Amino acid sequence: MMFAPVVLFAYNRPDHVRATLESLAANAGAGETPLYIHCDGAKPQAGGEERERVNQVRKVIREKQWCGRVTIVESETNRGLADSIVQGVQDVLTRHGSVIVLEDDLLLAPGFLCYMNEALRCYENDADVMHVSGYMFPVSVELPETFFLQLTSCWGWATWRRAFTQFEPDARKLLAGLEERGLVRTFNFEEGYDYAGQLRANAVGTLRTWAVRWYASVLLRGGLALFPRQTLVENTGFDGSGANCKSLDQRFGNEMGGDIRVMRSPLQESAAAREAVRRALQGSAAKPSPPSFLTRWKKSFRTFTRMK
């Protein structure tokens, strides 16, 4: 069985990237998975401490043979996360028909790779399916094992070459397309979250992110994204270390589940899942502060090693 390649983007968080790689290596199939690691260069204004963290990341990724074949791409200049991801994904897709995309602040459940590869094979030839999400929002209703949404998530995801050719980088064009077709409310998940505000910020240059542009590209094409019933990804970047994740938005925090089996579903959005996610996005009740990144990583890694 062929395993889709994984591309991982890292910058200056050595502890985070080590935890991500440990959780990836603990997955069944990691030994047969090609891994591409893209390390961004230090920013021009970076001081000595930040440059040392960039160098430490480059040491961490060489600590072990994390996957079957590891290719390291190190940039001497700082490209920024958005440009790094778009270019890196496109580069991998020139060599492979599909790709699984990770950033350096994700912990993966032991069944993550199996789910991703099953989904990529199952829907390989379905043009309407453009995205596979490893993350699922915390919802309070029972949902099918897998289902479709007209929404993408950037926390552990996958796509195909045929789909990513539809990516439109110009936020102004995307915003105009959504407005012309009356899709802004749909894009905002019925006012569950201000995705349009993010897209406008990209259009005027006050924000530079890639994920909202990919989401808009998929929606404008009428594309679908496959989601698991329970998340297989946890984001550890809400500790002030990331460029775009400063503090944990409790609407997105969720505990990882176990294995998810992929079975073919009708190629249409699940109305029940959309309503559940809309409610989750709108929920803003205060919750206790989450445990620290190190505490969560230790707990998750003990679970991974027990299940190997």
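Summary table below
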item: Lone unmet requirement of (1) within 16 Å of W160 (Cα to Cα); (2) out of contact with any Gly (no Cβ under 7 Å at 6 or more places or on another chain) for L102; result: (2)
item: Residue that is hydrophobic (A, V, I, L, M, F, W, C) and modelled with pLDDT under 95, where the choices are V204, V218, V139; result: V139
item: Residue within region 126-140 that is without any contact (Cβ under 8 Å) to a residue 24 or more places away in the chain and surrounded by fewer than 21 Cβ atoms within 10 Å (Cβ to Cβ) present; result: no
item: Test: V92 is modelled with pLDDT of 95 or more, touching a Phe, Trp or Tyr at 6+ places or on another chain (Cβ under 9 Å), outside any helix (DSSP H, G or I) and closer than 20 Å to F9 by Cα; result: no
item: Count of region 161-195 residues which are β-branched (V, I, T) and assigned to a helix (DSSP H, G or I); result: 2
item: Residue in region 161-173 that is surrounded by fewer than 20 Cβ atoms within 10 Å (Cβ to Cβ), touching a Pro at 6+ places or on another chain (Cβ under 8 Å) and at pLDDT 95 or above present; result: no
item: Qualifying positions in region 84-99 - more than 15 Å from the chain's Cα centre (by Cα) and not β-branched (V, I, T); result: Q87, Q90, D91, L93, R95, H96, G97
item: Positions within region 38-60 being assigned to a helix (DSSP H, G or I) and among the charged types (D, E, K, R), in sequence order; result: E49, E50, R51, E52, R53, R58, K59
item: Members of region 176-208 found to be touching a helix residue (DSSP H, G or I) at 6+ places or on another chain (Cβ under 6 Å), under 20 Å from I85 (Cβ atoms), among the aliphatic types (A, V, I, L, M) and surrounded by fewer than 19 Cβ atoms within 10 Å (Cβ to Cβ), listed by number; result: A203, L207
item: Subset of region 149-186 [closer than 30 Å to H96 by Cβ and of a type in the set (A, V, I, L, M, F, W, C)]; result: L149, L151, C154, W155, W157, A158, W160, A163, F164, F167, A171, L174
item: Residues located in region 39-60, provided they are basic (K, R), at pLDDT 95 or above and either under 21 Å from the mean Cα position of the chain (by Cα) or surrounded by 15 or more Cβ atoms within 10 Å (Cβ to Cβ) (or both); result: R53, R58
item: Of all residues in region 61-72 being in a strand (DSSP E or B) and surrounded by fewer than 15 Cβ atoms within 10 Å (Cβ to Cβ), the one that is modelled with the lowest pLDDT; result: R69
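Matching residues to (1) at pLDDT 95 or above; (2) closer than 25 Å to T165 by Cβ; (3) touching an Asp or Glu at 6+ places or on another chain (Cβ under 8 Å); (4) surrounded by 19 or more Cβ atoms within 10 Å (Cβ to Cβ):
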position: R213; (1), (2), (3), (4): yes, yes, yes, yes
position: N235; (1), (2), (3), (4): no, no, yes, yes
position: N244; (1), (2), (3), (4): no, no, no, no
position: D259; (1), (2), (3), (4): no, no, no, no
position: V262; (1), (2), (3), (4): yes, yes, yes, yes
position: E275; (1), (2), (3), (4): yes, no, no, no
position: S284; (1), (2), (3), (4): no, no, no, no
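The values are calculated or read from the model by the stated rules, or taken from the named source; none is laboratory data. The structure presented is a predicted model; accordingly, all values stated were derived computationally and were not measured. Every residue, glycine as well, gets a Cβ built from its backbone with ideal geometry; the counts of neighbours run over all protein chains shown.
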